[in-house]
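Below is one structure, written out as structure tokens, with a few remarks after it.
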Amino acid sequence: MSSKIAKTCQCDVDSECFCEIEAFVKGFKLSTLTYKRVMHLLNQEMNNGLKEHTHHVADIKMFPTFVRSLPDGSENGDFLALDLGGTNFRVLLVKLNKGDVDIQSKTYLIPQRIMLGTGQQLFDHIADCIGKFVRDHDLVGQKLPLGFTFSFPCRQEGLAKARLSKWTKGFRCEGVVGEDICHLLHEALRRRTNCDVEIVAIVNDAVGTLMSAAHTDRDCEIGLILGTGCNACYMEKLDNVGLWDGDYTHPEQVIINTEWGAFGDNGCLDFLRTEYDRELDTFSINPGKQVLEKMISGMYMGEIVRLVLERLAMEGLIFRGADRDCYLFERGKFYTKYVSEIESDHDEFFRNTKQVLDEIGVENYTTEDCKIVKYVCTLISARAAFLSAAGLSTLINKKNKGDMTIAVDGSLYRFHPRFHNLMSLKMQELVKPGLKFRLQLSHDGSGKGAALVAAVAMRLRNSIKQECV
Ligand code: GLC
């Protein structure tokens, strides 16, 4: 009986109540047809974002970035790079020398009170960190060009002029939306340090990831981030960018920061969201926003798993002996890194799963419980991987180029044991026949990528008066 159930449920759990469990998780299993519907909607939304007359109502903003040339390997010089986008802030010294890259960096924590404080507090904190870094690396007095990876949606007015359109992920600092990020940083540097830097470029992390990989791979034209947040960018022909009001000189192309994490904010993905997605959204700091991102990225995946496990526990289907005081019943206490650890268990001992359950304080769990926990993780991460695959396939089909590399970075992609394979398999189903693609891990897009954008800008600066790269 139990093995029959196990077969029906595509999992080796032999619990008698497995079919009952299935009723609570079936919403995560979506058909290929559903992913194709997602692709169709995404394509429509992206086209709306690109067109001048529909851009203001589109959820996917498709921001032109003013980055128009990929690196050619000849970039040289020393650059400062900043990386702000997750819970940490990094300052980097990047030395580019004919294809070789040397990076020294330091990571500084951003306390939550600053992430939710005022813009001035945030930029003062950043300026203090830069001041320390410059002193510690004997760079005082040198005027280094700086590339700033600022991983939030920005409307760019030039390579070094970017206005924040809204905060995403865990940030909500007052007085920054609509402001020029470069200006805020300059002001803070003036207030807090005597550092003399020249901000040459503001870059999104997806763009940095693409640039970093394109440094050595000329076929790379799409960048993807699967980390705290989820976003993609790609190289688009200027003819297709209704929003473009810059010049049309060669090369007639520009990198578009899609900001596709906002896909679904208008309700078009409601048909596939589960009750857990809705609950997560209700208790997030930005309800109704970043619908796709909340189904995929590292900031949210652990919480979706936790909500399902909590529900199963409430229904008496798992952890029958668990105490209600443990972290399983507390919002935000089941991290996405646990999902990666649990799915890395490959035998019947469930070492990682047990370690996680111990860490969150679940008591008296059984091996059946461990199997169910792992099963729930696999369903939720597979949906995330398949949605990412649907997004990338939409871009690949749109570009319609014979052979393409997609640069990928982010902690979810790096540390989840099956994400890469799940994505590749689904993409083989969704990408138009005849188009070839490969997913390539991109190293330090935020540091190296930002420095490369700055380097290309400096190189071009001598020849033309430039507002883009
Ligand atoms: C969020 C941000 C986006 C960033 C992504 C990955 O979606 O809005 O700009 O690229 O997270 O960090």
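The values are calculated or read from the model by the stated rules, or taken from the named source; none is laboratory data. What you are looking at is a predicted structure, and each value in this text was computed from that prediction instead of being measured. FYI the Cβ positions are ideal-geometry reconstructions off the backbone, even for glycines, and counts take in every protein chain you see.
What the table shows:
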{"item": "Selection within region 279-320 - away from the ligand (no atom under 16 Å from the Cβ) and on the phi > 0 side of the Ramachandran plot", "result": "316, 319"}
{"item": "Pick from region 195-211, criterion in contact (Cβ under 8 Å) with a residue 60 or more places away in the chain and either outside any helix (DSSP H, G or I) or over 25 Å from residue 440 (Cα atoms) (or both), ranking: farthest from the ligand (Cβ to nearest atom)", "result": "195"}
{"item": "Subset of region 325-349 (residues that are part of a loop (DSSP other than H, G, I, E, B), under 17 Å from residue 418 (Cα atoms) and either at pLDDT below 95 or not hydroxyl-bearing (Ser, Thr, Tyr) (or both))", "result": "345, 346, 347"}
{"item": "Residue within region 342-362 that is within 16 Å of the ligand (Cβ to nearest atom) and either on the phi < 0 side of the Ramachandran plot or among the aliphatic types (A, V, I, L, M) (or both) present", "result": "no"}
{"item": "Qualifying position, being within 21 Å of residue 405 (Cα to Cα) and more than 16 Å from the ligand (Cβ to nearest atom), among 219, 270, 239", "result": "219"}
{"item": "From 31, 3, residue being exposed (fewer than 12 other Cβ atoms within 10 Å of the Cβ), closer than 30 Å to residue 316 by Cα, of a type in the set (S, T, N, Q) and at pLDDT 95 or above", "result": "31"}
{"item": "Options 16, 75, 20, 45; residue that is on the phi < 0 side of the Ramachandran plot, acidic (Asp, Glu) and modelled with pLDDT of 95 or more", "result": "45"}
{"item": "Verdict on residue 181 being within 16 Å of the ligand (Cβ to nearest atom), free of Cβ contacts under 8 Å to residues at least 40 places away in the same chain and crowded, with 21+ Cβ neighbours inside 10 Å", "result": "yes"}
{"item": "Qualifying positions in region 255-298 - of a type in the set (S, T, N, Q) and out of contact with any Gly (no Cβ under 6 Å at 6 or more places or on another chain)", "result": "257, 258, 266, 282, 284, 286"}
{"item": "Conditions (1) modelled with pLDDT under 95; (2) in a loop (DSSP other than H, G, I, E, B): number failed by residue 178", "result": "(1)"}
{"item": "Test for residue 214: is it within 16 Å of the ligand (Cβ to nearest atom), more than 16 Å from residue 392 (Cα to Cα) and either more than 17 Å from the chain's Cα centre (by Cα) or of a type outside the set (Gly, Ala, Ser) (or both)", "result": "no"}
{"item": "Residue that is within 16 Å of the ligand (Cβ to nearest atom) and not in a loop (DSSP other than H, G, I, E, B), where the choices are 276, 234", "result": "234"}
